[in-house]
Every structure is written in structure tokens, then in C-alpha cells.
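Just so it is clear, none of the values below were taken in a lab; they were calculated from the coordinates. None of these values were measured; they are calculated from a predicted model. Reconstructed Cβ throughout: ideal geometry from the backbone, glycine too, with neighbour counts over all protein chains shown.
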Amino acid sequence: MKTGRIIHQQIMQLKWHFLACLGLLMTLPIEEAIINLKDGEGFYASGLSLGIPVMAGTLLAGLIACGNVQADLDERRHIFWRSKPVGAKSFIALKYMVGLFMAFLVISAPVLFGLISSKVHGEKFDRAFVALIINFQLISLLTYSVCFFCNALVRKTAQAWLIGMAIVCFLLLVPFVLPFRFKDISGDFLLIASTVYIAITVGASLAAFIVSLFAVNHNWHLQTNLKGLLWTGATMIFLAMLLFTRQVANIKVLDEIEIDAEHAYIGSLNRISDSVLLASTFEVDTNNQKIQLVNSFSPPSEALQKQRQGIQPFYTREKDHYPEPFPRYSVVSYCIGEQLYTFRLNSYYIREKVGKNSWAPKYKKAYICSYRLAEGIYRVPVSALDLADCIDEKKAWKAGLRQIDDKLIIFIQDSFAVIQIKADGSLELVEKRINGLKGYSRHLSDREKIFKIPMMSIDGVELNERVKLTVDVNYGYHHFYSSWRSDNLFCENTHVDIDGDKISFCLLDEGGIQRYDVVKWDEEYIYCKFRDERPFTFLEQMFSLVTTDNDPWFLQDGKLYVYENQKLMVFDIRSNSIRKLGHFERLREDYRIRDIEVLDNGDILLCAETEKRIITKSPDPNRKYDDYFIRKGYLSLLKNPE
Amino acid sequence: MTITAIEIKDLHFSYGRKKVLTGVDLDVPAGSIFGFLGRNGAGKTTLIKTLLGLQKPSGGKGTILGLDCFENALEVRKRIGYMAEDQQMYGWMRVGQIINWVAGFYPNWDMTFTNKLVDILRLSKNTKVKALSKGQNSSLALLLALGHHPELVILDDPTLGLDPIARKDFLRHVIELLQSNNVTVFFSSHLLYEIEPVADHIAILDGGVIRKTGKTEDLRDSVRKFLLNPKPEADFSHIPGLLDVMHSGESVSVTVEDCTDEKRDQLKLFSQNGFTETALNLDEIFEAYVIGNKGQQLAAG
């Protein structure tokens, strides 16, 4: 066999495909280059005009693959070359290689153009973009190989391409949809080099190529008709939707109401005694699985006004002092008899210049204050303790507060104080530990080894609670991003699950959920060991990234609640392996979940808002446009998945 | 040179459960023009594809030019020329391009001879294959089957779809180009009148088996038709080699193979007043073998 002649025939056969695809893919980069030239920047292309052809190239690679063998595998024409003294496998392998080379040539053309023209003009390629190109080249290889294989079987260009693309989508998505324990797969898999992903594309391509050789050699022919194919496609879409629906919407919405946007924006649901308050103003009634808002707001009585006026402020704010309360939105409350008390750490900072146009807060004052709740929602100051000596002005600010029975543990930077809540709601300092948190750090230890965390030693607090507090301090309070952290993460929520004598805790990162067991503890340390991990699937990471570890999530009654923006997920963390129970998602870009509260009956109350930006022509002659936001709030009552 | 160009022993082939070839035995003498007859769907193309190694038989053996055609398919294909029924080629290629492309598969391709064939077959190298007429397309397929001087040429219904003039023209070329060069030609067709003038050997395939094979002249000589008025007790079913019995009013026509004087005497006994004996053309012989009732109708009556 004279290979050169076969290759020549192959190139001639594909030349129109090649030129058409090249024309299509080069349109955008050339257009960008021309625009750049017109703008006086020179004839070069970079960025999006290259990204789109690279992505479109994956589709065209499939077309080239189908066009490549279509003429040879036609029902009557394939006898023509098969009756020649050439092995079917070598003939098809050669065609595959030549076609693949031409497909890569086409797909690489815009990239090469971009690379060369950018280099000439001193522009640099973004590294992430290079990874994107490599990944899409791999997808192109997969598309080409799978479509080649499909055409070897189906022998009809359009149908082979459709089936091929469906298989490619399946191959690309399924490993991410299913919770396989691939450690290096994440939502931005197209922007990073993942070995699993490379293995899937290269492995599937190789398999498709080998099976194609056998299919042609044995003249396997799959009879298809377009109608059947469309039905199959529709069924597959339906099944995918079912799978997707299960992923996104298996938490049942029992009731939902629209609420005044201002309250939604404030967005916090607070449990005070038996009630749940929205924005500290409305009591949320969820009887009979219906949401009703009861306005607890009524002007304070004259007596109360007088009483409040008569109380001396615990701190007279200086002119340059800015207040910073903690927690900002949530409420730490304690009931003594019939009376409810709330607590707050009030801190004050000054603005210190750190650059020409920038400043940094420098904290000067910190008071832990207790308030008596009167007439439903009004706070009447009871007492305050000065904790300014816990502040270290050289360190970044962070604060925390945890109430355990009649004690408050206040955290300020690396120090903490234990406060006793007295029967009249006033506060008494039990002890103060300056730099008492120095031994804590969020270390990522070897998963195989047992590691230890220094036990918080607080008199009068049960051991279990101290273990819980220790873990939360280590991972929740002592945190990389504590200044960004939600109030709730430490103040109200916990990482720890106590199930009888078993204590475990969970940590989250972008890759998934890690579960650790507290294997033993003593007065000095608690000893922990990594147990298992549940990676997030591709769909769980779609639309909004789940989850940076400063996002709100918490454990309650053996369930892990994770929420961010559009989604809420519930996991069972007491089962043998971490099991997903439910997923709620709203596919609206502007949908933001603000807070959730698990009610006594297990139902979940969810507070969210949407925000739409409206741009209008400005009446002001100095400004072209004005913009404003239309906000809507929602309260949803969700069935807690089991 | 081998005496037998094609030798097939007990060849079986099925498409799933459907049996197409059920024990085909066939010898094609070297240097002959072998007419391979069969109705549409009889299994002619299946047999040829199997011989070319394009599909695996479910049983049996086959050799072409002394080579096992299943084990040495590529070697066999180098030494034979093949033209499929209604041959489809790459329409976007020009005649010159397709000749060059096919030449790439054969180490002994003779380009001078091919150029000569282009002239003889009145083809133009610049014409696109898709622009060729059916007759020209067949000529090109013939050219591509002959360019490497094959020892055996297999033509599978090569004139399918051609008009009578184009068919005659094609057959003339086949005779001109092949008969004089001692090339074995295996000519499959269902059109008997186009085989009759050129074939020196014949095989009839029907129902997956070879019904009859032999020299064309011998076949013509051995099959005879007798017209007679039968006696009431006449039972033709016992005559050996009975192919067909047809009633026409009072008289009966009886077709018999391997006709001997003994069979003639037997027929005389069944006749009231003797018989008229006629020779058959290939068309009639084929009909007698393929759709002849072998006296069954008569016996039933």
C-alpha cells in the first residue's frame, strides 16, 4: 500500500470540511484583529475571540470525524475499497490519524494565530486560558473519536454526529454528576488540569478509536432512523432532567410568601425562646405548614420610653469612634424565668490611614452588654463589662461569642473571657485569658494520622460542650477568613455533631465535605482522625460555587445544612458514608439565600431575596444613566428531607 | 499455474438465522469464462463477498488461485480484479485521481496499460466520477479491476442498470480485454442471454446450493425437452433427472437433464404416439433448474 497516495486522497476528501471549519473558526479572531488594527493597537487577537472558536472547535471536530469516513462507509461504496488489498483496520486507522491531524490543525488555527499575533505585539496569554485551550483540545479529541466511532457504526453523518455529541456530553458530565471519589475534580474543571478528566477524555478516545477499527473490520452496522434517534434523545433529556431535578429540587416547598424587601435584605431569622423572628421585627408563624408574619412591632409604651431614657449609657461614644457590634444580625438570647435577655459584644474602632487613599480600622473599645427584652422587641440595657484589655491593636480584628447555658464565652482576637449570666440578667466576669487561644490553628494534618487540639478549659461547662467549643474555636473561630465570616458560623452554628457518646465534626471546602471523628479526649487535648470525604458533584457546584469555607453551614441533629446564594443542600452525616438527603435550588442569578432556621418540627424556614438592577436615562445632564435596585424578599417553608 | 482458479468446498453462510449458502461446492477452471447464474437474492453476491474475505463463512473452505481465501484475503485480492454490482466510487474524485488512488493499493499496477484502457474505454481522466454515465462508470470500474493484470477477474452483475447498448458495449470490452489474455473470468449475472455468448462454463445457484455446474456446451447437450401425448397410467416422476413437467391440453412437455437413450425409451413407453425432442437455450435450461417442478405437480394430480 502506498500510504502517501491514501493520505493525499484523504486530504483531498476533507479539504472542503477543512476550509469551511477554518473559515468559521477564524472569523472571530480575524474580526478582533481587524478591530484592534483599526484602533491602532496592531493586528492581533486574544481573549474571548479565541475562546469561542476553541469551544466551537469541539463541535466541528465531530463533524470532521463524521465527514472523514462517511464517504468510505457508505452502504455500497465501502465494498469498493474493502475489495482492494488493504486491511480494513490499517485503512481506517490511517484515515483516523489524518482526519485527527486535520481537525487539530483547524482547531489550533485560531489559537496559533492568537499566540503568534499576541507575541508579536508583546501581549501575554493568561495561564488559565492556556489550560482552557488544552482542556478543549482534549474534548475535541474525545468528540472526534466518539463521532468517528459513531459514524463507523451508524454511517449517517447527521445522526452519527448527534449520537456522538450526546455520548460526549454523557462522558464529560456523568463522572462529575455522580459522587465518585475523584479528588481533583471541581466545578472549574475546564480551567484546571485534572488527571481524572484527562484520563476520561484520552481513555474514552482511545477506546472509541479501537472499537471503530473492530466495527469497520467486522462491518458492524447499526441501523438507525431519525425518528427513533429523536425519541432516544428526548428520553435521554428526560432522564437527565429527572437526574437534574433530583439534584436540584427534591426538597419540597411547603409554602412560600413574598415579604417586604427591606426585611428580606436584613435577612436574618432569629430564634428567641420558642419563636422565630424575621429581622427582629416579625414573628414567623408556621402552623399548619403555612407561613404567616405577625408584626411584633408597636411603638414602645411611654413607661418603657421613660425607663430607657433613664438608663445611663454604658459607654459614651467618642467622636472618632465607629461602632461594630457582634453579632450584627443574629441574636444570642437567654431566658431567665419569663424574662428574655440578649447579649452583644459592642466594639468601637477608629479609622487609621494606612496609605494615600486607604485606611484600616483600629479597635479601641470592647464591651459585652446584656439587654432585657421589653414589650416584645425592645432592648433595655442591663449591664456591660469592659473587655478592652483583650484587644491587641497590632493584630487583625476578630470577635466571637458563644453562650453555653448561663455562661457567655467572649472571644476577641487571641483572647477570651468567661462571663456568668446572673439571675437578673447582669453579667459577671469569671475569668479572662489574654492570648488564651494561641495554641489553636486550622491545620490540615495528614489524613492517616490522629491529631490533637488543645482542650478549652472552662470551669462549670460540661465536657461534651467543651469538646464542641474546642472544635468550633479551632475551625470556626480560628479561621483563615474570619473577618469575612458570617456571624452565624461561630456564634450560632457548630461544626460538631454529638450522637450519644460519639462525637464527630465536619469541615467544608470547595471540593467537598470532610468528616472527622473525635476518637478520645482528656483535660489537655482532644484527639481527632479523618474519617471520610464526600466530594461535591459537578451539578452541586454549578450556578454558584459550593462552597468557600466561610460560607454559612452548620450541623444540627445529625444533619449538615449547607447553603449559598441559590442553593441549600442537606446531608446525613451520621450514616456510614456521608449521604445527601436533599437539594433545593432556585435557578435565578439574583436569588440570594440570606438565612435558614431549622424549626422544632424539623421543617426548614428559608429567607431569601432577589435584587434586580434597573438602569434608566438620567435627568441629570452630567450623568448618562441612573441605576437603582428592585428588591423582593421571600420566606419559604421547606420539608426537611429524610 | 493452478488448474482450478476457484475451489469451494461445502461453503455455508448465514445472516443471523437466515441461511444464505448451504453447502456450496464449486470448481472454476483456470482460464475459463465462468458464468455464475442465479436469481436475484440467490446468494451470488454473498458467495463472492465471502470469497473476497469481506465476510466470514459459517463453514466450509475456499481457495482462490491456490490460496486460502479466508486466511490470505489480502494476498488473494492482490491477484484478482473485482467489480461489484452497481459499483459506487468516490464521486468527488476525477477519473485520473481515482486511478492513482487505486494504483496505490497494488504493487504491480501497470500505468501504461491503464492509460491504454482509458483510451479503449473512451474515458477522460479529467472527468469527475460523479459526472460519468452508468456505462462509463462500469467501464471505469472494469478498468480499476484490470489495471494490475489480475489472474482472475470477478464480475458481480457488472451490467446491472445498464441500457442494452451499454450492456453490449461493456460485454464486448470484457471479451476483448480478457478472453485473449488467458485470464479467468468469474461472471455473475441473472441475465442469461448476456452470459450465454461469452461463458464457456456455467454454474446455477439456487436456494443456497449449486444446482448445476459444467461446460456450457455440455449443459446445452444434456438437457432436452420432450413433447408427447401421455398414456393415462404414465408416471414421469420416476424418470431420473426429471426437471420439469408441464401440461398443455392433451399434451405434456417433459424436461430432463443428462438425457440418454435409456431415458428416451422410458418416455416412449409413457407416450401414446411417440414424442418430439428439442434442445433448449440457456435461458430455458436455467428456468428448468430453478423453477422446474420435477414432476411433483403431475404426481400430485
Note: B:50-61 gets an average of partner chain Cβ contacts (10 Å, Cβ to Cβ) equal to 1
Just add up the charged neighbours of residue B:118: K/R +1, D/E -1, any other residue whose Cβ is under 14 Å from the Cβ of residue B:118.
+2
By how many degrees, between 0 and 90 and to the nearest 10, does the Cα long axis of helix A:463-472 differ from the longest principal axis of chain A?
50 degrees
Roughly speaking, what is the stretch gain from residue A:575 to residue A:116, that is 0.36 nm per residue apart minus the C-alpha to C-alpha distance, in nm to one decimal?
159.7 nm
Eligible lysines near residue A:2 by straight Cα distance, threshold 19 Å, same-chain separation 8 or greater
A:84, A:89, A:95, B:78
Using the basic label-point model (7 angstrom from Cα toward the beta carbon), what is the residue A:389 to residue B:17 distance in nanometres?
9.7 nm
Within 10 Å of each Cβ in B:84-95, how many Cβ atoms from other chains are there, averaged over the peptide?
4
Please work out the Cα center distance from the stretch A:45-92 to the stretch A:582-642, rounded to the nearest Å.
48 Å
Quickly work out the residue A:134-to-residue A:39 label distance, labels modelled 7 Å from Cα along the C-beta direction, and quote it in nm with one decimal.
2.9 nm
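At a Förster radius of 30 Å, what calculated FRET efficiency corresponds to the Cβ-Cβ distance of residue A:303 and residue A:423, to the nearest 0.05? It would help to have the intermediate numbers written out before the result.
Values: r = 23 Å, r/R0 = 0.77.
For residue A:303 and residue A:423, the calculated efficiency is 0.80.
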Take A:44, A:527 and order them by how many other Cβ atoms sit within 10 Å, fewest up front.
A:527, A:44
Give me the Å³ per residue figure for the convex hull around the C-alpha atoms of the stretch B:4-216.
114 Å³
How about the stretch B:219-278: which GluC sites (Glu not before Pro) there lie in a loop by DSSP and see at most 14 other Cβ atoms within 10 Å?
B:233, B:250
Using the C-alpha atoms of the stretch B:61-160, what convex hull volume per residue, in cubic angstrom, is computed?
97 Å³
Sort out for me the Cα centre separation of the stretch B:262-278 from the stretch B:173-217, rounded to whole Å.
32 Å
Zone of residue B:266 (label point 7 Å along Cα→Cβ, backbone N under 11 Å): which residues in the stretch B:214-249?
B:235-243
18 Å cut-off, amide nitrogen to a point 7 angstrom out along residue A:2 Cα→Cβ, residues in the stretch B:55-91
B:78-79
How about residue A:617: which aspartates and glutamates have a C-alpha closer than 18 Å to its C-alpha, ignoring those fewer than 8 places off in the same chain?
A:626, A:627
Exposure proxy ranking, count of Cβ atoms within 10 Å, fewest first, for A:329, A:625:
A:625, A:329
If you wrap the stretch A:298-438's Cα atoms in a convex hull and average its projection over all directions, what's the area in nm²?
10.1 nm²
Counting pairs of alpha carbon atoms under 8 Å apart in space and at least six apart in sequence, what relative contact order in percent does chain A give?
11 percent
For the stretch B:185-199, just list the computed ³J(HN,Hα) in residue order, Karplus coefficients 6.51, -1.76 and 1.60, θ = phi - 60°, integers in Hz, with x standing in for Gly and Pro.
10, 9, 10, 9, 6, 10, 9, 5, 5, 8, 7, 3, x, 10, 7
Any chance you could run the full-extension gain for residue A:258 through residue A:532? It's 0.36 nm times the residue separation minus the Cα-Cα distance, nm to one decimal.
94.6 nm
If amide H atoms are built 1.01 Å from N in the plane of the peptide, which residues on other chains or at least 5 residues away come under 5 Å of the amide H of residue A:512?
A:536
Would you mind computing Rg(Cα) / (2.2 N^0.38 Å) for the stretch A:496-642, counting N as its residues?
1.36
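With each run of n ≥ 4 DSSP H residues scored as -39500 (n - 2.57), what mean residue ellipticity at 222 nm is computed for the protein assembly as shown after dividing by its residue count and rounding to the nearest 500 deg cm²/dmol?
Helix contribution divided over all residues of the protein assembly as shown: -11000 deg cm²/dmol.
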Under the Karplus relation with 6.51, -1.76 and 1.60 and θ = phi - 60°, whole-Hz ³J(HN,Hα) for the stretch B:128-139, x at Gly and Pro, equal 6, 4, 5, 8, 6, 6, 4, x, 5, 4, 5, 4
Specify, per residue and in Å³, the volume enclosed by the convex hull of the alpha carbon atoms belonging to the protein assembly as shown.
296 Å³
Note, ³J(HN,Hα) from phi for the stretch A:411-420, Karplus 6.51, -1.76, 1.60, rounded to Hz, x at Gly and Pro:
10, 10, 6, 8, 10, 8, 9, 9, 10, 9
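Report for the protein assembly as shown the percent antiparallel among DSSP-assigned beta bridges with both residues inside it, nearest 5.
Bridges in the protein assembly as shown are about 90 percent antiparallel.
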Out of residues 5 or more away from residue A:430 or on other chains, whose amide H comes under 5 Å of its own, with H placed 1.01 Å from N in the peptide plane?
A:418, A:419, A:420
Suppose each label sits 7 Å from its Cα in the direction of the beta carbon; what would the residue A:89-residue A:406 distance come out to in nanometres?
8.5 nm
Cα centroid separation, the stretch A:344-398 to the stretch B:156-172 (Å):
103 Å
What angle, in degrees between 0 and 90 and rounded to the nearest 10, separates the Cα long axis of helix A:226-248 from the longest principal axis of the Cα atoms of chain A?
20 degrees
In the structure displayed, which of B:44/B:215; A:398/A:580; A:520/A:639 lie more than 30 Å apart, Cα to Cα?
A:398/A:580; A:520/A:639
Using a 10 Å cut-off around each Cβ, can you sort B:70, A:170, B:226 from fewest to most neighbouring Cβ atoms?
A:170, B:70, B:226
What relative contact order, as a whole-number percentage, does the stretch A:298-438 give when Cα pairs under 8 Å and 6 or more residues apart are counted?
16 percent
log10 of Debye I(q)/I(0), alpha-carbon scatterers only, for the stretch A:326-398 at 0.15, 0.23, 0.26 Å⁻¹
-0.62, -1.01, -1.16
Using Cα pairs under 8 angstrom and six or more residues apart, how large is the relative contact order of chain B, in percent?
20 percent
Give the long-range amide H neighbours of residue B:33: residues separated by 5 or more places, or on another chain, with amide H under 5 Å away, using H modelled in the peptide plane at 1.01 Å from N.
B:185, B:200, B:201
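Computed from the mean reciprocal separation of all distinct C-alpha pairs, what Kirkwood hydrodynamic radius does the stretch A:24-112 have, in Å?
15.2 Å
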